[in-house]
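A short write-up of the structure that comes next.
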Amino acid sequence: MTTSAGRIALITGAGSGMGLETARLLARDGATVVLVGRRQEALDKVAATIHEEGGTALALAADITDSADVTRVLDRVHADLGPVDILVNNAGSASTVLNPQWLPHDEWRQVLDVNLTAVFQLTQAVLPDMLGRDTGTIVTVSSLAAVNPNLLGGAAYGAAKAGVRNFMTFLHNTFRNQGLRAITVLPGEADTPILDNRARPPAAAERAHMVQPEDVAEAVRLAVALPQRVVLQEIVVAPTRQRDTSADLEISRWAGAPADATPRP
């Protein structure tokens, strides 16, 4: 087992949840972490926590769906720190309407922009750093919705997470012999802030048995810390206990339905 000491790790969605916990773990291992997210204030708090724990962090607010913002972030990282060794694509978004019967086109596009297009843009931006030095690690947090899509995540979310899993497999197949490790993490139902936007947000007792952000962070840490000669191409992180989601699925089916839609028995 190696560590992340001396490496530069760029982490998206770093202001909360899995991204926050991943940043803390990699910083403890000696990486300089670049925290990317939408809210500067949240990122600054994470950076302060990492500094208190003896780590090094740079907080950069950005819209990762905007290619110009991605370029700005990479220019700043290169100027202040150097080439990126590790990219963790963690930022995620889900629609409020889950059923494709009523899913607004703008929500569909927004979910794909955050979960898929942004991953492509960030990957494209760091590939020169990695391929030019014959080494690098890209970790993308997908979801088990990529392999078992349903109304909990919704049509757009499942499609985006399947697309990003496919893209990571493409990177693995295409660049592994140039030293690039492309890794997909597939969490099951996880207790993150995205649950607050569900049609029926799960209760605290239900969340207690879900995957926790630190569980996914530990999986990312393992994948990154292993020697570069080894790649964990896919990692499934699922709850041990499987809960009954039938009621949630039915509620989700009708979220955003027009007033004249009638639930069928």
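Every read-out reported here was derived from the displayed coordinates using simple, explicitly stated rules and does not represent laboratory data. Every value quoted in this text rests on a predicted model; they were computed, and no experiment measured them. Note that each Cβ is placed from the backbone with ideal geometry, even for glycine, and that neighbours are counted across all protein chains shown.
Among the candidates Gln233, Gln212, Gln178, Gln242, single out the residue that is loosely packed, with under 15 Cβ neighbours inside 10 Å, within 26 Å of Gly13 (Cα to Cα) and not aliphatic (A, V, I, L, M).
The match here is Gln233.
Hey, does the stretch 52-71 have a residue that's surrounded by fewer than 16 Cβ atoms within 10 Å (Cβ to Cβ), over 18 Å from Leu87 (Cβ atoms) and of a type in the set (Asp, Glu)?
yes
Assuming Val220 fulfils every condition listed in (1) under 13 Å from Ala190 (Cα atoms); (2) surrounded by 16 or more Cβ atoms within 10 Å (Cβ to Cβ) apart from one, which condition is it?
Answer for Val220: the failing condition is (1).
So which of Leu26, Leu20 is part of a helix (DSSP H, G or I), surrounded by 23 or more Cβ atoms within 10 Å (Cβ to Cβ) and touching a Ser or Thr at 6+ places or on another chain (Cβ under 6 Å)?
Going through Leu26, Leu20 in turn, the sole match is Leu26.
Whether any residue in the stretch 106-128 is touching a strand residue (DSSP E or B) at 6+ places or on another chain (Cβ under 8 Å), within 22 Å of Leu226 (Cα to Cα) and assigned to a loop (DSSP other than H, G, I, E, B) is what I want to check.
Within the stretch 106-128, none of the residues are touching a strand residue (DSSP E or B) at 6+ places or on another chain (Cβ under 8 Å), within 22 Å of Leu226 (Cα to Cα) and assigned to a loop (DSSP other than H, G, I, E, B).
For the subset of the stretch 134-149 comprising residues that are closer than 21 Å to Leu195 by Cβ and out of contact with any Ser or Thr (no Cβ under 6 Å at 6 or more places or on another chain), which member is surrounded by the fewest Cβ atoms within 10 Å (Cβ to Cβ)?
The residue in question is Asn148.
Quick test for you: out of Leu131, Leu81, pick the one residue that is in contact with a Phe, Trp or Tyr (Cβ under 7 Å, 6 or more places away or on another chain), touching a residue at least 24 places away in the same chain (Cβ under 8 Å), surrounded by fewer than 18 Cβ atoms within 10 Å (Cβ to Cβ) and not polar (S, T, N, Q).
That would be Leu131, the only listed residue that is in contact with a Phe, Trp or Tyr (Cβ under 7 Å, 6 or more places away or on another chain), touching a residue at least 24 places away in the same chain (Cβ under 8 Å), surrounded by fewer than 18 Cβ atoms within 10 Å (Cβ to Cβ) and not polar (S, T, N, Q).
Consider only pairs whose beta carbons are under 8 Å apart and that are at least six residues apart or on different chains; among these, list those whose first residue lies in the stretch 214-236 and is farther than 13 Å from Ser142 by Cβ and whose second residue is outside any loop (DSSP other than H, G, I, E, B) and of a type in the set (Asp, Glu).
Close Cβ pairs (under 8 Å, with a partner that is outside any loop (DSSP other than H, G, I, E, B) and of a type in the set (Asp, Glu)) amount to Glu214/Glu21; Ala217/Glu21.
For the stretch 176-201, how many residues are more than 21 Å from the chain's Cα centre (by Cα) and closer than 20 Å to Ser93 by Cβ? Let's see the steps before the verdict.
First, pick out the residues of the stretch 176-201 that are more than 21 Å from the chain's Cα centre (by Cα): 176-179, 199-200.
Those still in the list that are closer than 20 Å to Ser93 by Cβ too: 199-200.
Going through the stretch 176-201 one residue at a time, the tally reaches 2.
Counting just the residues of the stretch 77-94 that are assigned to a loop (DSSP other than H, G, I, E, B) and of a type in the set (Gly, Ala, Ser), which one comes out nearest to Pro227 (Cα to Cα)?
Going through the qualifying residues, I end up with Gly82.
List the number of the failed condition for Val97; all other conditions in (1) in a helix (DSSP H, G or I); (2) in contact with an Asp or Glu (Cβ under 9 Å, 6 or more places away or on another chain) hold.
Condition not satisfied by Val97: (1).
Return only the number of the condition from (1) in a helix (DSSP H, G or I); (2) in contact (Cβ under 8 Å) with a residue 24 or more places away in the chain; (3) farther than 30 Å from Pro104 by Cβ; (4) not basic (Lys, Arg) that Ala247 does not satisfy.
Evaluating Ala247 over (1) in a helix (DSSP H, G or I); (2) in contact (Cβ under 8 Å) with a residue 24 or more places away in the chain; (3) farther than 30 Å from Pro104 by Cβ; (4) not basic (Lys, Arg) leaves (3) as the failure.
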